[in-house]
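The values are calculated or read from the model by the stated rules, or taken from the named source; none is laboratory data. Everything numeric in this text was worked out from a predicted model, so none of it was measured. Cβ sites come from the backbone with ideal geometry, for glycine too, and all protein chains shown count toward neighbours. For the accessible areas, the whole protein counts, side chains as well, though only heavy atoms, and no ligand, DNA or RNA atoms are used. Shrake-Rupley method; radii C 1.70, N 1.55, O 1.52, S 1.80 Å.
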Amino acid sequence: MPSLEDIQTADAAHVMQTYGRIPVAFVRGEGTRLWDSEGREYLDFLSGLAVTSLGHAHPEIADALADQARQLVHVSNLYYNDLQPTLAARLDGLLGGGGRVFFGNSGAEANECALKLARRWGTLHGGPARFHVLSAFRSFHGRTLATLAATGQPEKQEPFQPLPEGFRHVPFGDVGALEAAMDERVCAVMLEAVQGEGGVNPAPAGYLEAVSGLCAERDALFICDEVQTGLGRTGRWFGFEHADIRPDVVTLAKALGNGVPIGACWARAEVADAFSPGDHASTFGGQPLAARAALAVLDVMERDDIPGRADHAGKRLADGLALAPGVVSVRGLGLLLGAQLSAPVAGPVASACLGGGLIVNAVAPDTVRFAPPLTVTEDEIDSALEIFGRATREAIS
Ligand SMILES: Cc1ncc(COP(=O)(O)O)c(C=O)c1O
């Protein structure tokens, strides 16, 4: 095994330097635990970034992958494969039925599909001028040009101007601002139920219902980006289920393959019909290997009531975080939580946690994000709280 220093040297020489990396190289995982190149053990309370919801190296996912790898990894989407419609039907069932799914390989691709679908739908329901998409400031929808344009973080957009046109942003939670922006050019509104990357900001009570009502009134699509919040993370199958709504389009990725790249864009069938053969495609999307992983993920999640476990464990973690020194509030739902500190020391706190064997991240200058596997045990939560409490006490005293 090369040393961390050797890995860093090779990375600097050969990998495009797009990440400000933390000096740790992980080599092995099991459940909530990770081990680095120097043999140190960590509690992973980030799960990638809300990806490995069933924990690392889950034996049933590993078996499904190995079995599928021996049978058939890939076929072109010019042909049928049986796993793709099986997975689509499973997702459709979880989303209440009556929809169809497109598969890609990431969250950005799932959202790119949703945005292209909204444009096609808008053109068919109002003409070519109806292509605007409204999204929220502090949202995160991906790094492709269109999903970056939808992302409400101007500092991330600036180096890549000009971005595709037709993307406008409104303050998250402000129904009046959305209503004012919703003119006849708008074909869709894209929102997260909890803004994950934007600082762990849950939608205020009643907001998603109001947005859904406005979309219905103005005949615009409501796209829920569930890439981070989907599949149990918030204590329910989907983050939007904390509100009394049913979106027209839902995007998923992260937890769907428990780390195997797969993204999905679900849409009501009448909306999905806006796409004709040839309108959208992905070489790898929905290939047998990734679909098999996702089916195994859903099997385990349904059998073990993973959303219920996330809800239960999330309460224990949130209660513990609220008692930690220097924590002024805890935001989020289920096991997607942000601990807001009384000072902008989230960076140093996250570093101290890492030093103590706990992986978390500073999602804002004053907020530390927690997104452990949904299978996390009570003992692991208690250990994490101990390490975090030590870190905040030192940083804030
Ligand atoms: C809500 C949301 N949408 C989209 C994305 C982009 O996903 P990916 O990095 O897989 O392209 C992310 C990633 O963090 C996300 O949190």
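In the stretch 54-87, which residues are without any contact (Cβ under 8 Å) to a residue 60 or more places away in the chain, of a type in the set (Gly, Ala, Ser) and part of a helix (DSSP H, G or I)? Within the stretch 54-87, 62, 66 meet the criteria. With respect to the stated conditions, residue 395 fails to be closer than 25 Å to residue 236 by Cβ, of a type in the set (A, V, I, L, M) and open to solvent by 10 Å² or more (accessible area, probe 1.4 Å). Of all residues in the stretch 178-196, those satisfying the criterion of being buried (at least 22 other Cβ atoms within 10 Å of the Cβ) and outside any strand (DSSP E or B) are 178, 192, 193, 196. Has the stretch 309-323 got at least one residue that is surrounded by 19 or more Cβ atoms within 10 Å (Cβ to Cβ) and of a type in the set (Asp, Glu)? Within the stretch 309-323, none of the residues are surrounded by 19 or more Cβ atoms within 10 Å (Cβ to Cβ) and of a type in the set (Asp, Glu).
All of 122, 96, 104 fail the test of being small (Gly, Ala, Ser), open to solvent by 30 Å² or more (accessible area, probe 1.4 Å) and touching a residue at least 60 places away in the same chain (Cβ under 8 Å), apart from 96. Consider the stretch 220-238 and keep the residues that are open to solvent by less than 10 Å² (accessible area, probe 1.4 Å) and on the phi > 0 side of the Ramachandran plot. The one that is farthest from the ligand (Cβ to nearest atom) is 232. Limited to the stretch 47-65, what total is found for residues that are within 23 Å of residue 385 (Cβ to Cβ), hydrophobic (A, V, I, L, M, F, W, C) and open to solvent by 20 Å² or more (accessible area, probe 1.4 Å)? Residues meeting the conditions: 2.
Number of residues in the stretch 239-266 that are buried (at least 24 other Cβ atoms within 10 Å of the Cβ) and assigned to a loop (DSSP other than H, G, I, E, B) equals 5. With the structure loaded, tell me whether residue 97 is more than 16 Å from the ligand (Cβ to nearest atom), part of a loop (DSSP other than H, G, I, E, B) and within 24 Å of residue 214 (Cα to Cα) or whether it fails that test. It is true that residue 97 is more than 16 Å from the ligand (Cβ to nearest atom), part of a loop (DSSP other than H, G, I, E, B) and within 24 Å of residue 214 (Cα to Cα). Select from the stretch 242-256 the residues that are touching a Gly at 6+ places or on another chain (Cβ under 9 Å) and farther than 13 Å from residue 222 by Cα and list them in ascending order. Of everything in the stretch 242-256, those that are touching a Gly at 6+ places or on another chain (Cβ under 9 Å) and farther than 13 Å from residue 222 by Cα turn out to be 242, 243, 252, 253, 254, 255, 256. Scanning the stretch 137-156 for residues that are out of contact with any Lys or Arg (no Cβ under 7 Å at 6 or more places or on another chain), away from the ligand (no atom under 11 Å from the Cβ) and not basic (Lys, Arg) yields 137, 145, 146, 149, 154, 155. Yes or no: residue 132 more than 27 Å from residue 254 (Cα to Cα) and away from the ligand (no atom under 16 Å from the Cβ)? Judged against the criteria, residue 132 is not a match. Taking the criterion of being open to solvent by 10 Å² or more (accessible area, probe 1.4 Å) and in a loop (DSSP other than H, G, I, E, B), the residues of the stretch 197-219 that qualify are 197, 198, 203, 204, 205, 206, 219. No other residue among 269, 296, 291 is in contact with a strand residue (DSSP E or B) (Cβ under 9 Å, 6 or more places away or on another chain) and either buried (at least 22 other Cβ atoms within 10 Å of the Cβ) or within 22 Å of residue 31 (Cα to Cα) (or both) apart from 291.
One line per residue, one yes/no per condition, for (1) among the charged types (D, E, K, R); (2) part of a helix (DSSP H, G or I); (3) in the same structural domain as residue 50 (by TED's automatic domain parsing):
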residue	(1), (2), (3)
271	no, yes, no
281	no, no, no
285	no, no, no
290	no, yes, no
297	no, yes, no
310	no, yes, yes
313	no, yes, yes
319	yes, yes, yes
